[in-house]
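A.B. asks: Next up is a structure, given as structure tokens.
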Amino acid sequence: MNPDLKARFDRETQSHPVVIYMKGNPLFPRCGFSAAAVQILQAYGPVHGVDVLAEPDVRDGIKEYTRWPTIPQVFIHGKFVGGSDILRELEERGELKALIDAKPPAS
């Protein structure tokens, strides 16, 4: 993986409590899965969105970074959680709020 891109992902995912690599942005999602994930996440507070359609290297790189083949990709307190289906499952089980509310690990 490109070391500069890896450093960017490390920095972005550690700098914001909730980060979503998505198609479009939180105000204007450009796919149904990204829209669903943002809707779930925004119920718990602000979301930092990264538009992978605007940067093809980011779109490919995030998949390599997480070894996860699909977009959107969600990070909570620096930890990769998954995509929209996993978010929905976590919310249905009542676990998503606890993840978001948890104190982030010390750096």
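The values are calculated or read from the model by the stated rules, or taken from the named source; none is laboratory data. Since the structure is predicted, the reported quantities are computational estimates derived from the model, not experimental observations. Cβ atoms come from the backbone with ideal geometry, glycine included; neighbour counts cover every protein chain shown.
A.B. asks: Quick check on my filter: what residues within the stretch 38-61 are part of a loop (DSSP other than H, G, I, E, B), buried (at least 16 other Cβ atoms within 10 Å of the Cβ) and among the hydrophobic types (A, V, I, L, M, F, W, C)?
C.D. replies: The answer is Val47, Val52.
A.B. asks: Kindly indicate the residue of the stretch 7-56 that is acidic (Asp, Glu) and modelled with pLDDT of 95 or more and also nearest to Pro72 (Cα to Cα) among those meeting that condition.
C.D. replies: Looking at the filtered set, the residue picked out is Asp51.
A.B. asks: In the stretch 9-37, which residues are free of Cβ contacts under 8 Å to residues at least 24 places away in the same chain, surrounded by 17 or more Cβ atoms within 10 Å (Cβ to Cβ) and part of a helix (DSSP H, G or I)?
C.D. replies: Ala35
A.B. asks: Among the candidates Ile100, Ile62, which residue alone is modelled with pLDDT of 95 or more and either under 13 Å from the mean Cα position of the chain (by Cα) or closer than 17 Å to Ala35 by Cα (or both)?
C.D. replies: The unique qualifying residue is Ile62.
A.B. asks: May I pose another question? Do you know which of the residues in the stretch 62-107 that are β-branched (Val, Ile, Thr) and within 16 Å of Pro46 (Cα to Cα) is surrounded by the most Cβ atoms within 10 Å (Cβ to Cβ)?
C.D. replies: Val74
A.B. asks: Hey, any hits in the stretch 82-92 for a residue that's small (Gly, Ala, Ser) and either touching a residue at least 60 places away in the same chain (Cβ under 8 Å) or on the phi < 0 side of the Ramachandran plot (or both)?
C.D. replies: Looking through the stretch 82-92, at least one residue is small (Gly, Ala, Ser) and either touching a residue at least 60 places away in the same chain (Cβ under 8 Å) or on the phi < 0 side of the Ramachandran plot (or both).
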